[in-house]
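Read through the structure below, which is laid out as structure tokens, and then see the notes.
Just so it is clear, none of the values below were taken in a lab; they were calculated from the coordinates. The structure displayed is predicted, hence computed values, not measured ones. All Cβ positions, glycine included, derive from the backbone under ideal geometry; neighbour counts span all protein chains shown.
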Ligand code: ADP
């Protein structure tokens, strides 16, 4: 069955109405979606000269980033530069207006930001042709460059107010002796405007300083002149967009060149020039103005009418200075205006490497402390050594006196004998002289005997005196056999008195050693006296002491052996310790002193018990080989007994 015929066939008008309704609904829904998503805000940035011309380039950059930050939604920035601002050219301006119109006629932007005076002047000339109802912000412009009567309800101004006298006061405050200030300024229409304004505002300074205007010179000429300014000069950097030769200067290239060649410090009025070549002072703050401009832009985005937004002109910010320029021109912090801030302060070496320097100082201090402690310890040791040497010397002398005490009887006997003989001989001679014919030959014999006995007595006295004298350490080459022989002679009366037999078995070859004769003699005497003491209780026929000398490798050896009880087991090393004694009257210093003396001679002394009873003490001293002197032990050893 076919139902369609059951309805009335629609008329042409019905079709037309339905189609119109569908289109209207579609349109409405499209409009709604567009309203919900209006897309990014479109901002036309109108630059004076070009996007890289100072000071406006810095403001443009900061305004851009501030708007992006504050709006927090995408913003589409469209940049255009007013190329004809370099020199007024009406036909170029008209063409540029036409160009902008054709670009944005169909889809106007949400906001125009005119940056700098040239852009402001251009826009005000052409506001009616340039989207008359599009909101516009004049910014980075000096208040004098805005024609207030021409402002429309869609325009708002974020202006600055220059204060050239304040900038010049700053120069004179920093350098009170300033005589000349060269003013850098170019020849573009904007710069020409400002030259007139500056001349007017700075007129009060003319009596105090000479103002040298650079606007009619090419930049090359400016560089040359600035390099040879008279003493006490300064440079005031205003603008250098286009020089007298028609050359445009972008960014900071010209300023940096001038800084490199000028012989005077450079000041400015705008913070965009600060950062390398400018000394500093009160200047406009790029950041402050950019934040204000961005805030105004956001209010416009949010629907406020531009003409209703009024912003007071911004003056110079707190003075700021470049520490590097202060260093270069010798400016002290005390010369700066109160409240100034100092930028680019380079940390001093100490600040930059503080922890490394701290470490080095700590290490040096630790080292110094260690060295001091070591020196102190060394000094203490030396002192102790000297004191010990002093004691040892004193003890050695005491010990010698003690030994001498034991020798007194035999010394007396030794001297008495020749003295007795001398007396007898003298009496005999006297008797002979009484005869009228004395026997001259006999008398000569008697006199000879007297002289011999006298020599013998003198020799005994010499030996005893030399043993007892407080002699300094006097090392010299001696034959150990000779020292032994002499000591035996010295001791022979004592040995005989104590009914001891002494056997000397001396090496057949000479045993040259370097020694202090008396000290070595003292050691041998001590060993012999100890040996005699050890055998006191033995029957006299068994009291035998043997003194032997021999060559053992590169050493001369001397041993004193007895037939006493020997040294008790375990005491063999102890006998050399100070104050070790087994005798009722003993001091226990003899062997201790003997070891000190032998070690000072780079030798060795030790004791051993003999296989068939008795003790044996041995001394080894370095031999002097091939007439070559062998070192005399440690310096300490020499000191110990010297
Ligand atoms: P002192 O003779 O005043 O005791 P020494 O230092 O000369 O001091 O001797 C230390 C000790 O060594 C002696 O008291 C003794 O006990 C022991 N001594 C030394 N020589 C001998 C020796 N030949 N035989 C046994 N003992 C000895």
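Computed quantities for the displayed model
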quantity	calculated
Ellipsoid equivalent to segment 309-373 - semi-axes via the Cα gyration tensor, in Å	46, 14, 9
Calculated Rg and Dmax of segment 283-346 using C-alpha coordinates, Å	17.6, 53
Alpha-carbon Debye profile of segment 57-136, log10 I(q)/I(0) at 0.12, 0.17 Å⁻¹	-0.37, -0.74
Fraction of alpha-carbon pairs over 21 Å apart in segment 200-343 - percent	55
Shape of segment 460-589, Cα gyration tensor, a/c cut at 1.5	rounded
Pairwise label distance in nanometres, residue 489 with residue 342, each label 7 Å out on the Cα-Cβ vector	9.2
Equivalent ellipsoid dimensions for segment 269-395 as semi-axes, Å, which come from the Cα gyration tensor, largest first	71, 17, 10
More than 14 Å apart - percent of Cα-Cα pairs taken over segment 230-294	62
Antiparallel content of DSSP bridges confined to segment 496-601, in %, to 5	60
Alpha-carbon Rg/Rh ratio, for segment 512-627, with Rh computed the Kirkwood way	0.97
Spacing of the two label points (7 Å from each Cα toward its C-beta) at residue 386 and residue 228, in nm	7.4
Gyration tensor (alpha-carbon) shape descriptor, segment 480-522, a/c threshold 1.5	oblate
Added length on full extension, which subtracts the Cα-Cα distance from 0.36 nm per residue, residue 295 to residue 251	13.2 nm
Beta bridges per DSSP with both ends in segment 140-297, % antiparallel, nearest 5	5
Full-stretch length increase - residue 173, residue 573 - with 0.36 nm per residue and alpha-carbon distance subtracted	134.8 nm
Cα extents of segment 103-238 along the three principal axes, largest first (Å)	61, 29, 20
All-pairs Cα distance distribution in segment 141-192, expressed in whole percent, bin size 10 Å	18, 35, 28, 14, 5, 0
Stretch gain in nm, segment residue 363-residue 329, where the contour uses 0.36 nm per residue and the Cα spacing is subtracted	8.4 nm
Residue 311-residue 220 FRET efficiency (beta carbon distance; Förster radius 60 Å; 0.05 resolution)	0.90
